[in-house]
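Report on one structure; see the data block that follows.
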Amino acid sequence: MTGTQGTARVVARRTVVAAAGATGLAAALAACGGSDTPTESTGSDTPADSAASNPATPDDGAGGGGGGLTAVLAKTTEIPEGGGKVFADQGVVVTQPTAGEFKAFSAKCTHQGCAVKDISDGTIHCPCHGSQFSVADGSVKAGPATQPLPATPIKVAGDSITLA
């Protein structure tokens, strides 16, 4: 085999191998990209969990909403006394520690950022590592979390609860 023919085969082989490698890299990068598929919600599947499915109410500006429309998060009757409800889409948990008293907290656990899942016996539960928080003030009842759930401002007008 002459030097020119051997060089041509090596170049052709290198080109094929490089092209295959580039194609594989492009496929791997595409697989690491974002997804348009929504993640699974940890809240219930009632219409109150979605702001898009709730009627909007005028915002009187008191909540700092800028005078726009604010979606009703829930009706007061949907939040059990001594318990609460997680609104995963909005990243908030609303509680009613005592009759007629409504509180809201971030639904993101302060331990490692997992979404809290449910409320029972006056306690907000994180499913990831077992942290528990008080429905009254978001304080830690059981770790590993060491920081309380941050309060989230809400507005109660009549029987409607909205984010403030």
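Values quoted throughout were computed directly from the atomic coordinates according to the rules given, and no laboratory measurement underlies them. Since we're looking at a predicted model, the values are computed, not measured. Glycine also receives a Cβ, built like all others from the backbone with ideal geometry; neighbour counts cover every protein chain displayed.
Take the stretch 117-143 and flag every residue that is surrounded by fewer than 17 Cβ atoms within 10 Å (Cβ to Cβ), among the aliphatic types (A, V, I, L, M) and without any contact (Cβ under 8 Å) to a residue 40 or more places away in the chain.
Of everything in the stretch 117-143, just one residue is surrounded by fewer than 17 Cβ atoms within 10 Å (Cβ to Cβ), among the aliphatic types (A, V, I, L, M) and without any contact (Cβ under 8 Å) to a residue 40 or more places away in the chain, namely A142.
Just name the residue that is nearest to T77 (Cα to Cα) out of those in the stretch 144-156 that are crowded, with 16+ Cβ neighbours inside 10 Å and out of contact with any Phe, Trp or Tyr (no Cβ under 7 Å at 6 or more places or on another chain).
K155
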